[in-house]
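Below: the structure, in structure tokens.
The values are calculated or read from the model by the stated rules, or taken from the named source; none is laboratory data. Predicted, not measured: the structure shown is a model, and the values here were computed from it. Note that we place each Cβ from the backbone using ideal geometry, even for glycine, and neighbour counts take in every protein chain shown. Only protein heavy atoms, including side chains, enter the accessible area calculation; ligands, DNA and RNA are left aside. Shrake-Rupley method; radii C 1.70, N 1.55, O 1.52, S 1.80 Å.
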Amino acid sequence: MALAQRWGQDYVRLALRIERLFPGFVDGYFGPPDLKAQVDAEGEPAAVGLLAQANTLAEHLDEQGFDPGRAAYLHKQVSAMELTCRKLAGEQVSLADEARLCFDIEPAWTPEGQFEEALAIYEEALPGVGNVEQRLGARRNRYELGRDKAHLVPALLERTMAEVRRRTLAFVDLPEGEGVTIKTVTSQPWGAYNWYLGNYRSAIEFNTDLPTNTGALLDTMAHEGYPGHHVEHVLKEHLLYRGKGYLENSILLINTPECVISEGIATLAGEMIFGAEEARVWLTGEVYPVAGIEAEYADQAKLNRAAELLAGVRGNAVFMLHAEGRSDEDVVQYLMRYGLMPEDRAHKAMAFLKSPLWRAYTFTYFYGRRLMQPLLQGPDRLHVFRRLLTEQVYPSLLVEWAK
């Protein structure tokens, strides 16, 4: 067996063993079944043993003869795996170190002055009467499906998914047999989730714990499906794992730099296929009438700008919880004030922010988007986006691209 192939197998085995101690670390696996069967047949691993395996992977990586780009990507991935093993072995790790080593980013506190600017924009742009919270709440309620209309959700999800897929296929070629299935679920800390199954298939779960915001359906289905998570996983399985034999691309790992790339792609996916006005027109013609909703005009560009300025609120909430030790109630009040969340949604957000698996993950959405946005502004934006969908990319590399 080639040395590099053996190293790749050890990488996969280590990830699957970490999953045994830290459920959720492996988000999807579609590689050789015998590797998983071998790990499944083992006894429960010891955390210190996993840390030693991670150190060995790192020590021998440069001996594999990988091209420089692949080697740099794998160094970042293995460093993140080492950090997770250190935590499993009992080491206390600061939030800043966790974000830096897991995600290849240096998160910072977002100044509240930026949030105040967003509130001022909302004050100007939101229609209706009352303060900003009341008007935003009224707008949210206008576009939400109540419990009495919950039966409409599956068909609206399918209709929206078909449209984002149609638009994605206009600039991306996907392999034959790809596709998604959609189901509604409850009692989850997230709003929607893509479970990539391999062989170019995804199962997308949509959480109905809270009322469905019809105005967000396009972004959600683009994020989870086309041209977001599903498309990225399909193309990397097709081109990197099956095409080039890169075993590391047969397994999807949470709390590694690949997640910043994946969430950056997903948070920008809707904007790659819809302009703000296009999205409004499509929703007004195809979704709102089915839901019995009468659309209300607002300056969507200003509302989008305000939402962009508020994107750092959840990151600040993570700092408050896990770096400053603030109380749950303090953080809920912060999310309500600057995130403009009703209390039930703020408490729902807390379940995600407090999860040991997801606490630092919150930064991936904000920093993935922020690193990619400057690269996706010019006439070659679709070319750059296709590179993100198909290449082994990591956050500090995007900083280099931007230079």
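Quick look at the values:
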quantity: Accessible area, probe 1.4 Å, largest first, for residues Val318, Val180, Val290; calculated: Val290, Val180, Val318
quantity: Estimated vicinal HN-Hα couplings, Hz - the range 379-395 in sequence order (Karplus 6.51, -1.76, 1.60; Gly, Pro = x); calculated: x, 9, 4, 5, 5, 5, 4, 5, 4, 4, 6, 10, 10, 7, 10, 9, x
quantity: Peptide ranges 273-285, 214-226 listed from the most packed, as the mean C-beta count within 10 angstrom indicates; calculated: 214-226, 273-285
quantity: The range 244-403: C-alpha gyration tensor shape, a/c 1.5 cut-off, then a/b vs b/c; calculated: oblate
quantity: Rounded tilt (10° steps) of 343-354 against the dominant C-alpha axis of the chain; calculated: 10 degrees
quantity: For the range 183-196, Karplus couplings with θ = phi - 60° (6.51, -1.76, 1.60), whole Hz, Gly/Pro x; calculated: 9, 9, 9, 9, 6, 10, x, 10, x, 8, 8, 9, 9, 7
quantity: Order of exposure, largest accessible area first, which applies to Asp34, Asp10 with probe 1.4 Å; calculated: Asp34, Asp10
quantity: In the range 340-398, the chymotrypsin sites (Phe, Trp or Tyr not before Pro) that fall in loop regions by DSSP, at most 16 other Cβ within 10 Å; calculated: none
quantity: Length added when fully stretched, Glu133-Ala96, from 0.36 nm per residue minus Cα-Cα; calculated: 10.1 nm
quantity: Residues of the range 157-174 with amide N under 17 Å of the 7 Å Cα→Cβ point at Glu278; calculated: 160-173
quantity: Extension gain, Arg6 back to Val399 (0.36 nm per residue minus Cα-Cα distance, nm); calculated: 138.3 nm
quantity: Options [x] -0.26, -0.36, -0.46, -1.18; [y] -0.29, -0.39, -0.51, -1.37; [z] -0.24, -0.33, -0.44, -1.38 - which one matches log10 I(q)/I(0) by the Debye sum over Cα atoms at q = 0.06, 0.07, 0.08, 0.14 Å⁻¹ as calculated here; calculated: [z]
quantity: GNM top mover of His233, His75, His60 - the chain, alpha-carbon springs below 10 Å; calculated: His60
quantity: Candidate lysines for bridging to Lys244, where Cα separation is under 17 Å - those fewer than 8 sequence places away on the same chain excluded; calculated: Lys236
quantity: Mean ellipticity per residue at 222 nm, deg cm²/dmol - from DSSP H runs of n ≥ 4 across the chain, formula -39500 (n - 2.57); calculated: -18000 deg cm²/dmol
quantity: Full-extension gain in nm, Ala170 to Arg337, via 0.36 nm per residue minus C-alpha separation; calculated: 56.0 nm
quantity: Antiparallel DSSP beta bridges within the chain, percent to nearest 5; calculated: 60 percent
quantity: Karplus 3J(HN,Hα) series, Hz, for the range 210-220 with 6.51 cos²θ - 1.76 cosθ + 1.60 (x for Gly, Pro); calculated: 10, x, 7, 8, 5, x, 9, 5, 4, 4, 5
quantity: Long-range HN-HN contacts of Val180 with modeled amide H, under 5 Å; calculated: Ser202
quantity: For the chain, built as a Gaussian network whose Cα springs stay under 10 Å, the top-fluctuating residue of Ala162, Ala99, Ala269; calculated: Ala162
